[in-house]
1. I'd like the Karplus ³J(HN,Hα) series for the range 299-309: coefficients 6.51, -1.76, 1.60, θ = phi - 60°, whole numbers in Hz, and an x wherever there's a Gly or Pro.
2. Could you tell me the calculated FRET efficiency between LYS90 and ARG593, based on Cβ-Cβ distance and R0 = 60 angstrom, to the nearest 0.05?
3. Roughly to the nearest percent, how much of the accessible area of the range 150-286 is carbon and sulfur, given a 1.4 Å probe?
4. Using θ = phi - 60° and the Karplus relation 6.51 cos²θ - 1.76 cosθ + 1.60, list the HN-Hα couplings for the range 338-353 in order, rounded to whole Hz, with x at every Gly or Pro.
5. Hey, which of these cross-link pairs are over 22 Å Cα-Cα: LYS128/LYS232; LYS53/LYS278; LYS456/LYS519?
6. What is the set of long-range amide H partners of GLY161 at a cut-off below 5 Å, with H atoms built 1.01 Å from backbone N?
7. Longer than 31 Å from Cα to Cα, which of LYS273/LYS491; LYS231/LYS273; LYS273/LYS481 are they? Say none if no pair is.
8. Would you grab the residues whose amide H sits under 5 Å from the one on GLY531? Only those 5+ places off in sequence or on another chain, please, with H modelled 1.01 Å from N.
Amino acid sequence: MLNGSAIQVANGAPGAGIAALTVAYNDAAGRTLCPVAVAVNLGDLTLYPGLYKSTDGLEITGSNLTLHGGTNDVFIFQMATTFLITTGIKVTLAGGAQAKSVFWQLIFDDSDLLLTVGVIWVSGQLSKGSADCRLQSNIMITFDYQLSVGDADLGIQVWSGNQLDLHGTWFNPTWTRLAATAAAGQNWVTLQDAVNWQPMQLVAVMTSMFRDEATNQNEVMTVNYVDCDGKKVVFMEDFQFDHYGGSEYQTEVALLSRSITLQGGPESVSRSKGGHVKVIGQARLQGVAAFRMGQRNLLGYYPFHFHHVGWVDGESYVSDCAVYNSFYRCFVVHGTHNLVLTDNVAFHAAGHCYYLEDGVEEHNRFEHNLAAFVHVIGSPAGGPSQDGTTHAQDWSSLAQPADAAASGFYVSNSNNEFVGNAASVGWAGYSFPRLEAPIGDYAWITDFIPHQRPLKLFDSNTVHSSGYYFNMAGGIYVGGKLWINTGDSNKLYYSSGRWAHDTRDEQGNAATMVFTNCKAWLAQWGISHWGDRVAVDRWEAHDCTRGANVFGDASLSNAFITGQSANVWSDFPGDRYDLDPIAGFRWYDTSVRTVLSNITFRNFTLLSNVEAAFHPSVWYTMPASDDFKPSFGYRGSDVKSTVITRNEADLGKCDDSIMLNDLGGYAAEVGSYCAVTCQRCTQGAAMCGDKLPLASGGRTCVQHRDAGNCYQEWFKIDSYCARTCGFCGGDGTVPCVELVPTAAC
């Protein structure tokens, strides 16, 4: 049926008998024998079986179209440009003609389009551009449930054996990072990469705060223009908050707009139900945005959903797409393998975002995708101990209980690839729950153990503003458990606590989860791993309550862990009393063997304004650890600890006389101001430490700020601690630097 609320491309029979539709469609599309030329408008016609072809577009307007034939007869319609069906028009099948035997080859042209529909069923091919010829026009399709369409149908559904091609304009890159800090009050950013973004497009600049959900400082801006070099973007609004782009880490900046937009209608906000794209056949998607899509707590109704596709083998992919303001998830891979998702952006979504659904999905590749501002559903998983909390499935409020611990990337099966992704997410950036068996549509499989699958590749991923709901969560969290509770009506249950992965290789032998070249900042624990075997190599962590926490047979190597960065706006760690003590690393308790090698710990300094139990430390050990070290073991090699005075080396001040000779009162020795920072310490030199000039009172800028000293006159006059104390204004009269006080010289 074709009418104002439903557009059906080919036939609308999604049930039995369409498995062979690919063969039928390809045959229909390729037929050229004895075509019947037809007028543009098929309205008020009765047509009989055959091949109908238009060198232009086709439309059904004014009156209905009747197709008359037997149960085995075939109708084929080929058109060169567009296909238009006006509101209220129907296609009537007469004489026993079957919908499954009607084929339409629909190809949109490159022109602007505004379309409001209820559902688009693709049982054939729906194309808008191609990979080699991407559209430059603006396409907006709104899915309106008021057009008498049920929620299950609202959106686009691509049936088995059929193809959806949507290829919008290539805006490159889809996301990048700040090249310098963007201060509150300014209306521009400098970026690390040149962009081709356009005026009036929407851009999200991510938070530089620890607790992004409690203190939301993510900002959506409107592009005014981009400078000629492509690296400076000027917005139509001023920033309300500061966004950090320092030497330790840099905030992400992402394009939300695309030239093709699929959106839920305005009423979708109050219902938390928009449209959804379900692909059972094939789909090649580039440059497509989903806005107000997905349906809260309805399993299977997500913005982009590859559903039981099986092995993709390059026939489908998702590239440079966006999800913004999703009611349920972002990009879902379900019963699908070998799918590639690259350069996508997801911002402001409820529930796990990039989602491997049932624990059987393998060999998919997630590369250079961004997940940001992802919200838990219901009460956040937490708890005061490593047991966490347990959540039961509730179809009305928590259809998937693991959404109480919603993450940017939900990895129910580790045998997939994650390269160059970024997560700015509250509960966890990357979540690896323990599944002892598949769930959902694959619960019938009894000889497959998802948590034992190898981690195929996890490299060059970042995470921040994460892990603060649970005191043992991490930016990367290998823990928690999801299972079917046979004792409670086969409901799904989720526990957020200490549950181990027993990683195995393809032959079933013990294997190690390997994480390489990754980075975390402003996270509870940078990485929190409860598995049996893990190796973390070339790791960075900054402003984390715990730089790393690894369990089992574990190694941490070639790492750089900073207790406190120069990001003075982060509110890290804020209220410490719901956190563990800050430390670079904790030697854990029983049944673990840990090796640390080539690690630098920096800026774990005494904080005089907190209780002793919460003072930062390079590492600490638990009592049980000492009891069991003879049985298991710990080893550290080439481990260094430095305390660096904030910003001085970065400001190029190592050659200043105050740095070489502390005229404020200390002797001219290697232990003078910033000796370690400026690398003046020779091996074996005495008193090789970073000291502050006497006039500073021996305190760092943060300590002065926390003690309420910012408004003393000598702070203002000398611009000492200008950045820390927030003295940097937009008028340029006060240099935005941390100067040494004149009184010290």
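1. 4, x, 10, 10, x, 10, 9, 9, 10, 6, 6
2. Efficiency computed from Cβ-Cβ geometry: 0.25.
3. Whole-percent figure for carbon plus sulfur exposure: 50.
4. 6, 7, 10, 10, 9, 6, 8, 10, 9, 9, 6, 9, 9, x, 3, 9
5. LYS128/LYS232; LYS53/LYS278, as the Cα separations exceed 22 Å there.
6. For GLY161, the qualifying residues are GLY281, GLN282.
7. LYS231/LYS273
8. Here HIS501, PHE551 satisfy the definition.
The values are calculated or read from the model by the stated rules, or taken from the named source; none is laboratory data. As the structure is a computational prediction, the values presented were derived from the model and not from experiment. Because the Cβ atoms are built from the backbone with ideal geometry, glycine has one as well, and the counts that use them run over all protein chains shown. In case anyone asks, the SASA skips ligands and DNA or RNA and just uses the protein heavy atoms, side chains included. Shrake-Rupley method; radii C 1.70, N 1.55, O 1.52, S 1.80 Å.
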